[in-house]
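Notes for the one structure printed next.
The values are calculated or read from the model by the stated rules, or taken from the named source; none is laboratory data. Everything quoted here is computed from the prediction, not taken from an experiment. As a convention, Cβ positions derive from the backbone with ideal geometry for all residues, glycine included, and neighbour counts pool all protein chains shown.
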Amino acid sequence: MTVDNFLIIRHGQTEWSANGRHTGSTDIELTREGRIEAGSLSSLLLDLMGSPMETTIYVSPRARARKTAEMALGREIAATAIVTDLLAEYDYGDYEGLTTEQIQETAPDWDIFRDGCPNGESLSDVTRRCDEFIAMSESQNGTALVFTHGHLSRILTARMLGQPGEEGAVLLNDTASIGVVRDRRGTYVLQGWNLRPLGATRPHR
């Protein structure tokens, strides 16, 4: 491994995240609150990055992730990001736009970390994408900033820690929050999770 630190950033609030609706391929924009959340990440990211000299930025192609990077880093720096489909959110298939409560009306025991989504992705599909991203990022040095989504960030973090994708179920994170995975003696460890600027209010999910 060559990346010393991964900073894993979930995008800011959208209308659908505020309402608990599953948002995969739908290219929804940040709300006003989401833009404020994203902009508030700037100083915290700088503190966590240390020296910005060796920093690689990765971002999901979805507008909500790209806007979060732009608000947090500034347009000029965000424009240098590597855009990759590997960081796109879980494809929810038939469950796109539905809340968990709506899904469980027809599938009472449904659990995304076990069951996946009909006509969308399975957990193994998403885990495979996360593993491909980790392998791709290993060619870089220093710090990697990763702007992505709720479920994807949880599964990605589990995989970085050497755990199966389903272990992402225990890593709940808010919108516009940061996870910190660091290299410690050749092993990635979780040093921080769901980090948000001091004074930030707890957002809707």
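So the values come out like this:
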item: Residue in region 162-181 that is closer than 19 Å to residue 14 by Cα, in a helix (DSSP H, G or I), touching a residue at least 60 places away in the same chain (Cβ under 8 Å) and not polar (S, T, N, Q) present; result: no
item: Breaking point among (1) in contact (Cβ under 8 Å) with a residue 12 or more places away in the chain; (2) under 22 Å from residue 93 (Cβ atoms); (3) outside any helix (DSSP H, G or I); (4) of a type in the set (Phe, Trp, Tyr), for residue 110; result: (1)
item: Condition check for residue 89: of a type in the set (Asp, Glu) and surrounded by fewer than 17 Cβ atoms within 10 Å (Cβ to Cβ); result: no
item: Which listed residue, of 43, 51, is polar (S, T, N, Q), closer than 15 Å to residue 145 by Cβ, touching a Pro at 6+ places or on another chain (Cβ under 8 Å) and modelled with pLDDT under 95; result: 43
item: Residues of region 126-160 satisfying the condition of being among the basic types (Lys, Arg) and without any contact (Cβ under 8 Å) to a residue 40 or more places away in the chain; result: 128, 154, 159
item: Per-region count, region 30-60, residues in contact with a Lys or Arg (Cβ under 9 Å, 6 or more places away or on another chain) and assigned to a helix (DSSP H, G or I); result: 5
item: Given (1) surrounded by fewer than 13 Cβ atoms within 10 Å (Cβ to Cβ); (2) at pLDDT 95 or above; (3) of a type in the set (Ser, Thr, Tyr), number of the condition residue 177 does not satisfy; result: (1)
item: Matching entry among 94, 27 (being out of contact with any strand residue (DSSP E or B) (no Cβ under 7 Å at 6 or more places or on another chain) and either surrounded by 18 or more Cβ atoms within 10 Å (Cβ to Cβ) or not in a helix (DSSP H, G or I) (or both)); result: 27
item: Residue 192, sole failed condition from (1) among the small types (Gly, Ala, Ser); (2) more than 30 Å from residue 79 (Cβ to Cβ); (3) outside any loop (DSSP other than H, G, I, E, B); result: (2)
item: Those residues of region 63-86 which are of a type in the set (Gly, Ala, Ser), in contact with a Phe, Trp or Tyr (Cβ under 9 Å, 6 or more places away or on another chain) and either surrounded by fewer than 18 Cβ atoms within 10 Å (Cβ to Cβ) or closer than 18 Å to residue 26 by Cα (or both), in sequence order; result: 65
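Results for (1) under 24 Å from residue 71 (Cα atoms); (2) basic (Lys, Arg); (3) touching a strand residue (DSSP E or B) at 6+ places or on another chain (Cβ under 7 Å); (4) at pLDDT 95 or above, shown as yes or no for each residue.
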{"residue": "132", "(1), (2), (3), (4)": "no, no, no, yes"}
{"residue": "143", "(1), (2), (3), (4)": "yes, no, yes, no"}
{"residue": "149", "(1), (2), (3), (4)": "yes, no, yes, yes"}
{"residue": "160", "(1), (2), (3), (4)": "no, no, yes, yes"}
{"residue": "166", "(1), (2), (3), (4)": "no, no, no, yes"}
{"residue": "193", "(1), (2), (3), (4)": "yes, no, yes, yes"}
{"residue": "197", "(1), (2), (3), (4)": "yes, no, no, no"}
{"residue": "202", "(1), (2), (3), (4)": "yes, yes, no, no"}
